[in-house]
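Heads up: the structure comes next, in structure tokens.
The values are calculated or read from the model by the stated rules, or taken from the named source; none is laboratory data. Because the structure is predicted, anything quoted here is derived from the model rather than measured. Positions of Cβ are generated from backbone atoms using ideal geometry, with glycine treated the same way; all protein chains shown enter the neighbour counts.
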Amino acid sequence: MTEQVAEVITIDGPSGSGKGTISRLLANKLGWHFLDSGALYRLVGLASRRHAIDFEDKQGLATLAAHLDVEFVSDDEGWETRIFLEGEDVTNGIRSEECGNDASRVAAVQVVRDALFERQRAFLRPPGLIADGRDMGTVIFPTARLKIFLTASLEERASRRYKQLKEKGLNANLAALLDELAIRDERDKSRSAAPLVAAKDAVTIDTSNSGIDEVVAEVYALWLRVNE
Ligand code: DC
């Protein structure tokens, strides 16, 4: 019996670049699995608050990350994934800006990243995986045959986040979002641990003026070309 190969396409980029939606659509189109690595950092942030672990306590955070009791449950179509932390459904809760900021802080801690390495690699199963994050192409799946880096202007990304939060019925303020995104971008880019940067062999796509479907089609076409 020939062993089935698990392919991977990495999709990295800053918050609001469209990564989440584009990655989900691609996973659906290809019938592949999906890794939302940002959710893992959000979960570590949330769990550390719940267990009163200080963000300065790096070892405490790493231990928590290594033993994180999480479950990703997909519906039959693989379209919607519900996320459980210690048995509680936190799917919507972890999308708040507060959780995003906590995630960005714990994500700067190298031992936390190390603790999540194998957990992320374990998502790689046949027929393939769309891996969404900041370091998917640089650190977690460096041998991926197709690496995408999505970007968009700060204003466009803030306005997308604003709409997303409103749709989810969460509080949102555009000016505050702009400031928070700029701070988070800077932290994600300037940290020493796996900074947000395009892999040398990544294809960069600016999504500021493109529709979601257009970008999905572009990445899909790139994948077909890689396989020619
Ligand atoms: O994609 P997101 O907004 O859910 O990610 C939340 C934070 O987690 C983001 O500010 C940076 C961090 N992150 C990371 O450092 N590495 C990843 N692979 C994914 C997210």
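So is Arg42 among the basic types (Lys, Arg) and touching a Gly at 6+ places or on another chain (Cβ under 9 Å) or not?
So Arg42 fits the description; yes.
Which of the strands (runs of 3 or more DSSP E) found entirely inside segment 119-228 contain at least 1 residues meeting this: among the basic types (Lys, Arg) and closer than 21 Å to His33 by Cβ?
Hits in segment 119-228: 146-151.
Which of the residues spanning segment 88-124 are in contact with a strand residue (DSSP E or B) (Cβ under 8 Å, 6 or more places away or on another chain) and touching a residue at least 12 places away in the same chain (Cβ under 8 Å)?
Across segment 88-124, the qualifying residues are Val90, Ile94, Gln120, Phe123, Leu124.
On the basis of being free of Cβ contacts under 8 Å to residues at least 12 places away in the same chain and in contact with a strand residue (DSSP E or B) (Cβ under 7 Å, 6 or more places away or on another chain), does Asp57 make the cut?
Against the criterion (free of Cβ contacts under 8 Å to residues at least 12 places away in the same chain and in contact with a strand residue (DSSP E or B) (Cβ under 7 Å, 6 or more places away or on another chain)), Asp57 does not qualify.
Of all residues in segment 107-117, which are assigned to a helix (DSSP H, G or I), more than 8 Å from the ligand (Cβ to nearest atom) and buried (at least 20 other Cβ atoms within 10 Å of the Cβ)?
Hits for segment 107-117 are Val112, Ala115, Leu116.
Taking the criterion of being more than 23 Å from Gly137 (Cα to Cα) and modelled with pLDDT of 90 or more, would at least one residue in segment 189-210 satisfy it?
yes
Restricting to segment 5-22, and then to whatever is over 17 Å from Arg125 (Cα atoms) and of a type in the set (S, T, N, Q), can you tell me which residue is nearest to the chain's Cα centre (by Cα)?
Ser15
Hey, can you tell me all the residues within segment 75-99 that are within 10 Å of the ligand (Cβ to nearest atom) and either modelled with pLDDT under 90 or over 15 Å from Gly45 (Cβ atoms) (or both)?
Correct list: Arg95, Glu97.
For Trp79, all conditions in the list (1) within 28 Å of Lys163 (Cα to Cα); (2) over 18 Å from the mean Cα position of the chain (by Cα) hold save one; what is the number of the exception?
Going through the list (1) within 28 Å of Lys163 (Cα to Cα); (2) over 18 Å from the mean Cα position of the chain (by Cα), Trp79 breaks only (2).
Any idea which of Arg134, Arg145, Arg125 is basic (Lys, Arg), within 25 Å of Asn227 (Cα to Cα) and crowded, with 17+ Cβ neighbours inside 10 Å?
Arg134
Among (1) loosely packed, with under 14 Cβ neighbours inside 10 Å; (2) at negative phi, where does Ala52 come up short?
Failed condition: (2).
Kindly list the number of the only condition in (1) more than 16 Å from the chain's Cα centre (by Cα); (2) within 11 Å of the ligand (Cβ to nearest atom) that fails for Thr63.
Thr63 satisfies every listed condition except (2).
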